[in-house]
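The values are calculated or read from the model by the stated rules, or taken from the named source; none is laboratory data. For clarity, every value in this text was computed on a predicted model and none was experimentally measured. Positions of Cβ are generated from backbone atoms using ideal geometry, with glycine treated the same way; all protein chains shown enter the neighbour counts.
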Amino acid sequence: MEINFTGSRVLVTGAGQGIGRELVKKLVAAGATVVALSQTQSRLDSLAKELNVKTVCVDIGDWEATRRAVESIGPIDCLVNNAAVALLDSFLNVSPDDFDRSFAVNVKAIINVSQVVVRGMIDRKKGGSIVNLSSQASQAALADHTVYCGTKAAVDQISKVMALELGPHNIRVNCVNPTVVMTEMGKIGWSKPEKAGPMLSKIPLGRFSEVEDVVNAIMFLLSDKAAMINGVTLPVDGGFLAC
């Protein structure tokens, strides 16, 4: 199945590394004009050296700065809200700062960026597609993930409300919910057998997700091949949530 984004302008947040960076590469290869957003200028610079992309550097935890940045981008046909932070600690050690930062980046930023993009979609009356990156942690309790689980559960439900309200404008909103993903950071964090073993034992396919697994799911939901799919949370977890 060939997916083609020729003629589409796509905004990807958290585009400097990991899933976001690989997604940008695949979108460009599929013909999209991509706007890559990250808070780290050096990562955007290295991405721009590889690909013909427009870059925007902003901390999406800053509501007003992000709003100004996204408003300056121009019309967007597809949006991937990928940026997130994972500030992990036990329940009794959750701090106000980590709580506020997590919800500012993982939840409020999705609302903020999407509001700006969606208003443009509605004005142009062309519809659009949004994919929000969630996690298996939205539906399964994980130790030391109190705040992270909370943010991703919020992402799932906010996305469903977006799908309900924006559907009449022909704007689809869906979530992708991965398990542990083997990004560079994922490989470092989950390389020890004593940590990886218990999680892998709960995944029927017996492995963690590769970046490409997640990127392929995003590409499909973003594309017109998924034209009748709206308001779903799609696990990319090897069956973790089925158990």
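Only residues that are under 12 Å from Ala86 (Cβ atoms) and of a type in the set (Gly, Ala, Ser): list them for the stretch 134-149, please. Of everything in the stretch 134-149, those that are under 12 Å from Ala86 (Cβ atoms) and of a type in the set (Gly, Ala, Ser) turn out to be Ser135, Ala137. Among the residues of the stretch 161-202, the one identified as loosely packed, with under 12 Cβ neighbours inside 10 Å, hydroxyl-bearing (Ser, Thr, Tyr) and modelled with pLDDT of 95 or more is Ser201.
Matching residues to (1) in contact with a strand residue (DSSP E or B) (Cβ under 8 Å, 6 or more places away or on another chain); (2) farther than 30 Å from Ala141 by Cβ:
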| residue | (1), (2) |
| --- | --- |
| Lys26 | no, yes |
| Ile73 | yes, yes |
| Leu92 | no, no |
| Asp98 | yes, no |
| Phe103 | no, no |
| Gln115 | no, yes |
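Candidates Ala65, Ala36: the one that is surrounded by fewer than 17 Cβ atoms within 10 Å (Cβ to Cβ), under 21 Å from Asn112 (Cβ atoms) and among the small types (Gly, Ala, Ser) is Ala65.
Of all residues in the stretch 59-76, those that are under 22 Å from Ile122 (Cα atoms) have Cβ atoms under 8 Å from Cβ atoms of residues that are in a loop (DSSP other than H, G, I, E, B), 6 or more apart or on another chain, in Thr66/Val58; Thr66/Asp59; Thr66/Ile60; Ala69/Val58. Looking at this structure, is Ser129 part of a helix (DSSP H, G or I), within 19 Å of the chain's Cα centre (by Cα) and either within 24 Å of Arg21 (Cα to Cα) or not charged (D, E, K, R) (or both)? Taking the combined requirement at face value, the residue does not satisfy it.
Only one of the listed residues (Ala104, Ala86) is modelled with pLDDT of 95 or more, surrounded by 15 or more Cβ atoms within 10 Å (Cβ to Cβ) and of a type outside the set (Phe, Trp, Tyr). That residue is Ala104. Within the stretch 88-126, the set of residues being more than 17 Å from Val161 (Cα to Cα) and either among the basic types (Lys, Arg) or outside any helix (DSSP H, G or I) (or both) comprises Leu88, Asp89, Ser90, Val94, Ser95, Arg101, Arg124, Lys125, Lys126. In this structure, Ser191 does not satisfy being hydroxyl-bearing (Ser, Thr, Tyr), out of contact with any Pro (no Cβ under 6 Å at 6 or more places or on another chain) and closer than 26 Å to Val10 by Cβ.
Flag set for Glu50, criterion: over 30 Å from Leu166 (Cα atoms), touching a helix residue (DSSP H, G or I) at 6+ places or on another chain (Cβ under 8 Å) and surrounded by fewer than 17 Cβ atoms within 10 Å (Cβ to Cβ).
Go through the residues of the stretch 92-106 one by one and say whether even a single one is more than 27 Å from Asp144 (Cβ to Cβ) and of a type in the set (Asp, Glu). Looking through the stretch 92-106, none of the residues is more than 27 Å from Asp144 (Cβ to Cβ) and of a type in the set (Asp, Glu). Would you confirm whether or not the stretch 2-24 contains a residue that is outside any helix (DSSP H, G or I), exposed (fewer than 13 other Cβ atoms within 10 Å of the Cβ) and either among the charged types (D, E, K, R) or touching a strand residue (DSSP E or B) at 6+ places or on another chain (Cβ under 6 Å) (or both)? Yes, the stretch 2-24 contains at least one residue that is outside any helix (DSSP H, G or I), exposed (fewer than 13 other Cβ atoms within 10 Å of the Cβ) and either among the charged types (D, E, K, R) or touching a strand residue (DSSP E or B) at 6+ places or on another chain (Cβ under 6 Å) (or both).
Please find, within the stretch 207-243, the residue that is farthest from Pro168 (Cα to Cα) out of those that are part of a helix (DSSP H, G or I) and in contact with a Pro (Cβ under 6 Å, 6 or more places away or on another chain). Working first, answer last.
So the first thing to find is which residues in the stretch 207-243 are part of a helix (DSSP H, G or I), and the list is 211-222, 224-226, 240-242.
Next, only the ones that are in contact with a Pro (Cβ under 6 Å, 6 or more places away or on another chain) stay: 214, 241.
On the way: Val214: 28, Leu241: 31 Å.
Among residues in the stretch 207-243 that are part of a helix (DSSP H, G or I) and in contact with a Pro (Cβ under 6 Å, 6 or more places away or on another chain), the one farthest from Pro168 (Cα to Cα) is Leu241.
Taking the residues in the stretch 25-38 that are in a loop (DSSP other than H, G, I, E, B) and of a type in the set (A, V, I, L, M, F, W, C) as candidates, determine which candidate is nearest to Asn216 (Cα to Cα). Don't jump to the end; show me each part of the working.
So in the stretch 25-38, the residues in a loop (DSSP other than H, G, I, E, B) come out as 30-32.
From what is left, the residues that are of a type in the set (A, V, I, L, M, F, W, C) are 30, 32.
Working: Ala30: 12, Ala32: 15 Å.
Among residues in the stretch 25-38 that are in a loop (DSSP other than H, G, I, E, B) and of a type in the set (A, V, I, L, M, F, W, C), the one nearest to Asn216 (Cα to Cα) is Ala30.
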